[in-house]
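> This is the structure, below, for whatever I ask next.
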Protein chains: 2
Amino acid sequence: MGANRYAVILAGGRGERFWPLSRAARPKQLLALVGNRPLLAQAVERLEGLVPPERVLVLTNADLVEATRKAAPELPPENIVGEPVGRDTAPAVALATALVKARDPNGIFAILTADHIMGDLPRFRETLAAGMDIAEGGDYLVTIGIKPTEPSTGYGYIEQGESFKIEREIEFRRVQRFVEKPDLATAESYLASGRYAWNSGMFIWSVAAIEAALLKHQPELGAKVNEWAEAAKQPTFLVELAKSFPAATKISIDYAVMEKADNILVAAGTFAWDDVGSWPALERHFPADAAGNVLIGDTAEVDSQTNIVYSQGRLTALVGVKDLIVVQSEDATLVCHRDQAQNIKALLAKLRAAGRAEVL
Amino acid sequence: MGANRYAVILAGGRGERFWPLSRAARPKQLLALVGNRPLLAQAVERLEGLVPPERVLVLTNADLVEATRKAAPELPPENIVGEPVGRDTAPAVALATALVKARDPNGIFAILTADHIMGDLPRFRETLAAGMDIAEGGDYLVTIGIKPTEPSTGYGYIEQGESFKIEREIEFRRVQRFVEKPDLATAESYLASGRYAWNSGMFIWSVAAIEAALLKHQPELGAKVNEWAEAAKQPTFLVELAKSFPAATKISIDYAVMEKADNILVAAGTFAWDDVGSWPALERHFPADAAGNVLIGDTAEVDSQTNIVYSQGRLTALVGVKDLIVVQSEDATLVCHRDQAQNIKALLAKLRAAGRAEVL
């Protein structure tokens, strides 16, 4: 547990795909979708023994700061920082770098996600620790690639090149290239080749390495790192941030830096990992009954097959139905065909157009 | 509005088929399924100008008396009488006869239902008035037969014989026979023949005529009429009823009397009538959208067809689903295939077995 090691959890995003459980004011990372605590709290817990709470920071949307503090009460309140507006991951990484730099210009830190589900936590921590050792030892941008367990078309992939080093039994390889979400045939060939890993969105680097990379590949944003680091030492920080952050270009860290830099290593993530992208993903985390139904909460069914039901507070009952996602939340119920989960966004657009802000 | 004319509305029954809106403590007749007031209140309203509230009585289950009084506040509270236990319609008719006899041994009364939906109310009232005229003029048991509009397999039928009389432009015919719910082919032949009417469960007769018929065809029950009529004049009536009513044989008035008596007339009911037996019946009373969805309450949908949604209080949203019944009540949600509505009873049996009285 090196004194200069930090973690910054990116906890923005609206989680529309878990409507009606997720809401604008209650996005996915604040829900206990799987497990007993909000996904964000689990992300903090996972760092136990590796990064102490006082060195764990969370970036979220400004309007979610209070709810985020409640969801992770073990963190000092000032460690939860709100972005004035969402600007994708590159500006978030620049801000994260600034926050760590303000505390320790020699800091090593991991960028982690708030809304993923993981298993094999000792292995996860070992991977992070090894990545931090590597990041401390040299000017590398380390990303964590997850060893694929199926030909998923829902993730981006990283093609891995030659082996670089084995550190704490974790293999680090050079990155050949980043690739977008593939079609099924391509995903199958990736899986068969053994050369590809899922792009997890988790990174490890030193303040110096990522600041240099930003300055090189995204100079305007790179210049913000030092500006925000200085501002972060002042009581007027949030006022300053509200002025300068919205001007940052909306771009992902993959596009802005990772696909361009040549000092990238990919750590072999062999722990269980799932980004739980939408309701059907719950099937991977809850047992099904003999008829293939995943029934969570207060539920009952007759003659029903292969449904996913998430019932909060009240009873949800099925009679003679098949292949549905049924979600009853505090103030709304969704009934969706399981192959149509991607259309929940269309429903929310319709509700938005109808001025139904109170259910969004 | 003859001074000796009464109406007794039979308002027992559990209405399981409208679960989760209907409950043991909130059966169908107490719900405003169609219209703005509970079906029972609409049944009382329908009598306006024909039978005044002080001569309208309601028989219900003892544990529903209070809720029934609230649902029809225009009736004097003492006019709502609770049966200690449910014993089907013959004992209910005997009790109704006793209650009217206690007030007026020369009374003429109609037995009406609490949970049906009707249209053409002037015609309905004219049919009742004509029936009461006939019942006042002679020793007849008058039943109302509804002119079928489709080959329904959900109703019993009455085969009509020769014409007896036209009264107030309503035709009264002799009854040939009562028949059980037919299969579709039989129902189609009934409809084509023009000789058959739906058995509505509504009757009109004098106290003397129905008491005599009960004494003749169901002597033990017939003897109760006078016993209960005398008891009804005493303050101890409900105590007496609690002792003697449960001993009555559980049998319908159709089996007990109507299928045996030879002084039965059937009035031609040409008003709109629907017993709204289960959720799919709502389709006959609410407009559908262009995709055939009947959406009642706070609802939203995307790419969904021919569903029936009844949403109470909260939002119910559909995405990419077809042929479902979705009902969101205060404390439970049902998702049922529209061809499986008859299996709601199986669901309730399962909940009962699981000790879930609070949702039944």
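> Could you tell me how many of the residues in the stretch B:325-360 are facing chain A (nearest Cβ under 8 Å) and within 19 Å of B:PRO287 (Cβ to Cβ)?
1
> Does the stretch B:278-292 include one or more residues that are over 22 Å from B:VAL93 (Cα atoms) and crowded, with 22+ Cβ neighbours inside 10 Å?
Looking through the stretch B:278-292, at least one residue is over 22 Å from B:VAL93 (Cα atoms) and crowded, with 22+ Cβ neighbours inside 10 Å.
> Same structure again: Considering every residue within the stretch A:313-321, establish whether at least one is outside any strand (DSSP E or B) and under 20 Å from B:LEU360 (Cα atoms).
yes
A quick yes/no check of all residues on (1) in contact with an Asp or Glu (Cβ under 9 Å, 6 or more places away or on another chain); (2) closer than 26 Å to B:ALA256 by Cβ; (3) of a type in the set (S, T, N, Q):
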{"site": "B:PHE164", "(1), (2), (3)": "yes, yes, no"}
{"site": "B:SER189", "(1), (2), (3)": "no, no, yes"}
{"site": "B:GLY194", "(1), (2), (3)": "no, no, no"}
{"site": "B:MET202", "(1), (2), (3)": "no, yes, no"}
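> State yes or no: is B:ALA129 of a type outside the set (Asp, Glu), more than 18 Å from B:ASN199 (Cβ to Cβ), in a helix (DSSP H, G or I) and in the same structural domain as B:LEU238 (by TED's automatic domain parsing)?
Here the answer is yes, as B:ALA129 does meet what is asked.
> Taking only the stretch A:135-147 into account, find how many residues are assigned to a helix (DSSP H, G or I) and either closer than 11 Å to A:VAL266 by Cα or at pLDDT below 95 (or both).
1
> Same structure again: Can you tell me which residue among A:THR306, A:THR333 is out of contact with any Leu (no Cβ under 8 Å at 6 or more places or on another chain) and among the β-branched types (Val, Ile, Thr)?
Exactly one residue qualifies, and that residue is A:THR306.
> Six or more apart or on different chains, Cβ atoms under 8 Å: show the pairs whose first residue is in the stretch B:6-22 and within 14 Å of chain A (Cβ to nearest Cβ) and free of Cβ contacts under 8 Å to residues at least 12 places away in the same chain and whose second is outside any strand (DSSP E or B) and surrounded by 24 or more Cβ atoms within 10 Å (Cβ to Cβ).
What qualifies is B:SER22/B:LYS28.
> Still on this structure, I have one more. Tally up the residues in the stretch B:207-253 that are of a type in the set (S, T, N, Q), loosely packed, with under 14 Cβ neighbours inside 10 Å and more than 15 Å from B:GLY82 (Cα to Cα), please.
2
Each row is one residue, and each column tells you yes or no for (1) farther than 22 Å from A:PHE203 by Cα; (2) surrounded by 18 or more Cβ atoms within 10 Å (Cβ to Cβ); (3) modelled with pLDDT of 95 or more; (4) out of contact with any Lys or Arg (no Cβ under 7 Å at 6 or more places or on another chain).
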{"site": "A:ILE9", "(1), (2), (3), (4)": "no, yes, yes, yes"}
{"site": "A:TRP19", "(1), (2), (3), (4)": "yes, yes, yes, yes"}
{"site": "A:LEU39", "(1), (2), (3), (4)": "no, yes, yes, no"}
{"site": "A:LEU47", "(1), (2), (3), (4)": "no, yes, yes, yes"}
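> Tell me, please, whether a residue that is free of Cβ contacts under 8 Å to residues at least 40 places away in the same chain and in contact with an Asp or Glu (Cβ under 7 Å, 6 or more places away or on another chain) can be found in the stretch A:110-122.
There is no residue in the stretch A:110-122 that is free of Cβ contacts under 8 Å to residues at least 40 places away in the same chain and in contact with an Asp or Glu (Cβ under 7 Å, 6 or more places away or on another chain).
One line per residue, one yes/no per condition, for (1) more than 30 Å from B:TRP19 (Cα to Cα); (2) within 22 Å of the chain's Cα centre (by Cα); (3) modelled with pLDDT of 95 or more:
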{"residue": "B:ALA229", "(1), (2), (3)": "yes, no, yes"}
{"residue": "B:ALA242", "(1), (2), (3)": "no, no, yes"}
{"residue": "B:LYS250", "(1), (2), (3)": "no, yes, yes"}
{"residue": "B:ILE264", "(1), (2), (3)": "yes, yes, yes"}
{"residue": "B:ALA268", "(1), (2), (3)": "yes, yes, yes"}
{"residue": "B:SER278", "(1), (2), (3)": "no, yes, no"}
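> Conditions first: (1) touching a Leu at 6+ places or on another chain (Cβ under 9 Å); (2) among the acidic types (Asp, Glu); (3) closer than 23 Å to A:VAL309 by Cα. B:ASP289 passes all but one, so which condition is the exception?
Checking B:ASP289 against (1) touching a Leu at 6+ places or on another chain (Cβ under 9 Å); (2) among the acidic types (Asp, Glu); (3) closer than 23 Å to A:VAL309 by Cα, the one that fails is (3).
> Test B:ILE325 against the criterion of being of a type in the set (A, V, I, L, M, F, W, C) and either free of Cβ contacts under 8 Å to residues at least 12 places away in the same chain or not in a strand (DSSP E or B) (or both), and give yes or no.
No; evaluated as a whole, the condition is false for this residue.
> Would you please name the residue that is surrounded by the fewest Cβ atoms within 10 Å (Cβ to Cβ), looking only at residues in the stretch B:293-324 that are among the aliphatic types (A, V, I, L, M) and more than 7 Å from chain A (Cβ to nearest Cβ)?
Out of the qualifying residues, it is B:ILE296.
> Is there any pair with a first residue in the stretch B:208-227 that is under 14 Å from B:TYR255 (Cβ atoms) and a second that is outside any helix (DSSP H, G or I) whose Cβ atoms are under 7 Å apart and which are 6 or more apart or on different chains, and what are they?
B:ALA213/B:LEU141; B:ALA213/B:ALA261; B:HIS217/B:LYS260; B:HIS217/B:ALA261; B:LEU221/B:ALA248; B:LEU221/B:THR249
> When the stretch A:124-169 is examined, which residues are found to be touching a helix residue (DSSP H, G or I) at 6+ places or on another chain (Cβ under 6 Å), of a type in the set (D, E, K, R) and either buried (at least 19 other Cβ atoms within 10 Å of the Cβ) or without any contact (Cβ under 8 Å) to a residue 60 or more places away in the chain (or both)?
A:GLU167, A:ARG168
> Please enumerate the residues belonging to the stretch B:65-83 that are buried (at least 17 other Cβ atoms within 10 Å of the Cβ) and out of contact with any strand residue (DSSP E or B) (no Cβ under 8 Å at 6 or more places or on another chain).
B:ALA71
> Inside the stretch A:278-312, can you point out the residues that are assigned to a loop (DSSP other than H, G, I, E, B) and of a type outside the set (Asp, Glu)?
The answer is A:SER278, A:HIS285, A:PHE286, A:PRO287, A:ALA288, A:ALA290, A:ALA291, A:GLY292, A:ASN293, A:SER304, A:THR306, A:ASN307.
The values are calculated or read from the model by the stated rules, or taken from the named source; none is laboratory data. In this text, all values refer to a predicted model and were calculated from it rather than measured experimentally. Heads up, the Cβs are rebuilt from the backbone with ideal geometry, glycines too, and the neighbour counts pull from every protein chain shown.
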